[in-house]
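Chemist: Here it is, the structure, as structure tokens.
The values are calculated or read from the model by the stated rules, or taken from the named source; none is laboratory data. What you see is a predicted model, and the numbers here were worked out from it, not measured in a lab. Because the Cβ atoms are built from the backbone with ideal geometry, glycine has one as well, and the counts that use them run over all protein chains shown.
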Amino acid sequence: MHSTLTSWLMLAGAIAAEVTATSSLKLADGFTRVVPSVVVVVGYAISFWLLARVMQRMELGLVYAVWCGVGMAIVALVGILLYGESLSMLKLCGILFVGIGVVMLSFAVKSAG
């Protein structure tokens, strides 16, 4: 059980690092600004390192779906809340469907295991 909790916490860390890096891409302005550019590179390095560690213990499909899906939904929300990007019903439904897909895949992996 401890290993499973640790894996999920590491996956959450990988998502947080990826969201930070992706959100900083806009601030990096095409890698012309040093500090945000360093945040991007370090954030992705941490994210992939944690992701690789998690994949040693959990199923590839579940890990990647959660990492991509949750990260994408959070980045979309960051874009809306921090960068003033538009929010439409279609975008909101897309975020919701990604979340539903991640939950369904999680249940599928648990029922198969």
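Chemist: Take Leu77 and tell me if it is touching a helix residue (DSSP H, G or I) at 6+ places or on another chain (Cβ under 9 Å) and in a helix (DSSP H, G or I).
Modeler: Values: touching a helix residue (DSSP H, G or I) at 6+ places or on another chain (Cβ under 9 Å): yes; in a helix (DSSP H, G or I): yes.
So Leu77 passes the test.
Chemist: In the range 95-112, which residues are touching a residue at least 12 places away in the same chain (Cβ under 8 Å) and either outside any helix (DSSP H, G or I) or farther than 18 Å from Trp8 by Cα (or both)?
Modeler: Result: Ile95, Val98.
Chemist: Oh, and also: Does the range 18-31 contain any residue that is free of Cβ contacts under 8 Å to residues at least 60 places away in the same chain, among the small types (Gly, Ala, Ser) and in contact with a Ser or Thr (Cβ under 7 Å, 6 or more places away or on another chain)?
Modeler: We begin by selecting, within the range 18-31, every residue free of Cβ contacts under 8 Å to residues at least 60 places away in the same chain; these are 18-31.
Right, trim to among the small types (Gly, Ala, Ser) and you get 21, 23-24, 28, 30.
Pick out the ones that are also in contact with a Ser or Thr (Cβ under 7 Å, 6 or more places away or on another chain) and you get 21, 28.
Yes; the residues of the range 18-31 include at least one that is free of Cβ contacts under 8 Å to residues at least 60 places away in the same chain, among the small types (Gly, Ala, Ser) and in contact with a Ser or Thr (Cβ under 7 Å, 6 or more places away or on another chain).
Chemist: Right, next: Select from the range 82-105 the residues that are touching a helix residue (DSSP H, G or I) at 6+ places or on another chain (Cβ under 6 Å) and farther than 18 Å from Val19 by Cα and write down the one among them that is surrounded by the fewest Cβ atoms within 10 Å (Cβ to Cβ).
Modeler: Out of the qualifying residues, it is Leu87.
Chemist: So how many residues does the range 41-64 have that are surrounded by fewer than 19 Cβ atoms within 10 Å (Cβ to Cβ) and part of a helix (DSSP H, G or I)?
Modeler: 12
Chemist: Quick check on my filter: what residues within the range 27-40 are touching a Leu at 6+ places or on another chain (Cβ under 7 Å) and either assigned to a helix (DSSP H, G or I) or at pLDDT below 95 (or both)? Talk me through it step by step, then tell me what you get.
Modeler: Within the range 27-40, the subset touching a Leu at 6+ places or on another chain (Cβ under 7 Å) is 33, 36, 40.
The answer is Pro36, Val40.
Chemist: Going residue by residue through the range 80-98, is there one that turns out to be under 16 Å from Leu25 (Cβ atoms), of a type in the set (D, E, K, R) and at pLDDT 90 or above?
Modeler: yes
Chemist: Please go through (1) closer than 26 Å to Leu92 by Cα; (2) in contact with a Leu (Cβ under 6 Å, 6 or more places away or on another chain) for Ser24 and return the number of the only condition it doesn't satisfy.
Modeler: Of the numbered conditions (1) closer than 26 Å to Leu92 by Cα; (2) in contact with a Leu (Cβ under 6 Å, 6 or more places away or on another chain), the odd one out for Ser24 is (2).
Chemist: Just the residues that are more than 24 Å from Val109 (Cα to Cα), surrounded by fewer than 17 Cβ atoms within 10 Å (Cβ to Cβ) and hydroxyl-bearing (Ser, Thr, Tyr), please, taken from the range 1-40.
Modeler: Of the residues in the range 1-40, the ones more than 24 Å from Val109 (Cα to Cα) are 17, 19-40.
Going one step further and asking which of them are surrounded by fewer than 17 Cβ atoms within 10 Å (Cβ to Cβ), we end up with 26-27, 29-35, 38.
Listed by number, the list holds a single entry, Thr32.
Chemist: What are the pairs with Cβ atoms under 6 angstrom where one residue, in the range 1-17, is farther than 15 Å from Met72 by Cβ and in a helix (DSSP H, G or I) and the other, located anywhere, is modelled with pLDDT of 95 or more and not basic (Lys, Arg)? Sequence gap at least six, or different chains.
Modeler: Listed by first residue and then by second, the contacts come to Ser7/Val54; Met10/Leu50; Met10/Val54; Gly13/Leu50.
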